[in-house]
Amino acid sequence: MTEQTPPNTAVKTDLSRMTWVKAAAIILLILALLLGSAAMAGLLIGGGMDMQELSREQFISIYSSIYSGETMELLLLVYDNLSRVIIAAVILPLLALALFVFLMFAAGRREDAPYLRLNTIDRLPLDLYLLVCIVAALLLMGSINYVVRGFDGMILAASLPLAALVLLLGVGFCMSFATRVKLGGWWRNTLIYRLLHAVWTVLKAFARICREIISHMSLVWRTIAATVGLFIINMLCLTSSSGFWILTGFCIDGAVLVLLCNAMIQMERLKVGGEQLAAGRLEHQIDVASLRGELRKHGENLNSIGAGMSIAVEERMKSERMKTELITNVSHDIKTPLTSIINYVDLLQKQPIDDAEAIGYIDVLQRQAARLKKLIEDLVEASKASTGNIGVDMQRLDIRELLNQSLGEYGDRLAENQLELVCTQPEWPLNIMADGRLLWRAFDNLLNNICKYSQPQTRVYCEVTASGGRVKVSFKNISRELLNVSVDELMERFVRGDSARSTEGSGLGLSIARSLIELQQGRFELDIDGDLFKAAISFPLQLEESGAEQE
């Protein structure tokens, strides 16, 4: 409850702000209430309007047997002035009501301030003020009881000031209450509110301390504490002879069961959310609005993980796109001057040069330029394959025929590297859906790696099998160098089995082969067993008649 902020306008003088006007209204109100009450009391005691039907002698003979002394004199005074008493009993309460409404409107309004203000009485606790009014009213009721039972002039004389005081306190209480209501928050200035507020503050502090203690406890200890507490409550309820406490224990157990069921439902939601994230649906968000406590924190953590992983994946994809664009742009920029170098080297080779050493230099230039051209072509192809920017023409073809063509082209090169090819394959056609050009490029990369990195005077195994509705082509060879890299590392770009990089190659062959196979909806797998290097390509087998996959 705060006082209103004063506006900048000047104070307008009116009756409701004048102190003397409000004091006069209070005095008139008290007099109207006292006189109106006396008039109505006289009418009630004397029989009301029936007094008009009695003569003075009849009135005296009837009431003299009931009242005597000063009480009878007052009744005769009422009888002699009956019309005036009736008018007073009607007019004075109406006047009192009008004055009361005026005072309620004027409450809090002051002549020296344009806004509502509290006075000294308004700052007292409201319930304490009310208690004083109630005590004074009880004293007044006690004195009135004496007057009713037997009129006593002394008691009446003492009761009138007491009645005026009670009325003054009552009017003051009503005006103070009206002022507080106008300012708002009237309940704050009460002893009950202060007491309850103090108790609530202590309870909040205690609850905060309990939460602090519980927050430093592990979930296991919280569960143990809750279980022990529930056990103690059940024992106290069951050992009680009162049916009320036994029923209370069952109600508590039912509430705990409902809470446990709700916790299981929340855990099921978390489980579903975790399964969605595990399945790669990173955009899935768990609704944590209905979750509580540790389960809510866990749900928020899962949502944060999904959001973080989405950002990480997006950043990774952005990085890969930038890397691919960089490789493509640089490759194209290098390709133009390299073409000029190759052309000029070709012109030099056609010139009649007698110096053997110069001819050797030209051969080195021609060989390294060709190697650089191959590297640039691999870079461009790897970039296109990894981003899917290569057109794929899926056709039905026999994988045996394409493989035999590739092996035939590498026959001489395998023999030059002292490698013996052992190929096993069924005699019937094995049809798949693939792009012959891209599949031949993948075979070419694998056979090229075999020629570069295989141990001389060893066998190279090529096996074609059909099982489980898929056709699998596997290559096996013995590595010349120690394979000190993992399968995942070998699948990365620019990684070679020859860590010393003493042989020719870009380290892109396996990465290109995998990307090309995956573009055709196939599978590419690698395996290393000591010095034994295994590579496998598989596609769904197409049936001869219907083209459906073989069961």
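The values are calculated or read from the model by the stated rules, or taken from the named source; none is laboratory data. None of these values were measured; they are calculated from a predicted model. When we count neighbours, we look across all protein chains shown, and the Cβ atoms used for this are built from the backbone with ideal geometry, even at glycine. Calculation scope for accessible area: heavy atoms of the full protein, side chains included, ligands and nucleic acids excluded. Shrake-Rupley method; radii C 1.70, N 1.55, O 1.52, S 1.80 Å.
Under the condition of being of a type in the set (Phe, Trp, Tyr) and loosely packed, with under 11 Cβ neighbours inside 10 Å, which residue from segment 220-247 is modelled with the highest pLDDT? Ranking the qualifying residues of segment 220-247, first place goes to Phe231. If you go through segment 506-551 and keep only what is within 48 Å of the chain's Cα centre (by Cα), open to solvent by 70 Å² or more (accessible area, probe 1.4 Å) and modelled with pLDDT under 80, you end up with just Glu549. Restricting Glu300, Glu268, Glu283 to those that are open to solvent by 90 Å² or more (accessible area, probe 1.4 Å) and either within 27 Å of Ser215 (Cβ to Cβ) or not acidic (Asp, Glu) (or both) reduces the list to Glu268.
Residue pairs whose Cβ atoms lie under 8 Å apart, separated by 6 or more positions or on different chains, with the first residue in segment 173-202 and under 20 Å from Lys22 (Cβ atoms) and the second surrounded by 15 or more Cβ atoms within 10 Å (Cβ to Cβ) and of a type in the set (S, T, N, Q), are Arg180/Asn189.
Only residues that are closer than 14 Å to Asn448 by Cα and touching an Asp or Glu at 6+ places or on another chain (Cβ under 7 Å) were counted in segment 413-429, giving 0. Listed by position, the helices (runs of 4 or more DSSP H) enclosed by segment 324-430 that each have at least 1 residues that are of a type in the set (Gly, Ala, Ser), modelled with pLDDT of 85 or more and open to solvent by less than 30 Å² (accessible area, probe 1.4 Å) are 399-409.
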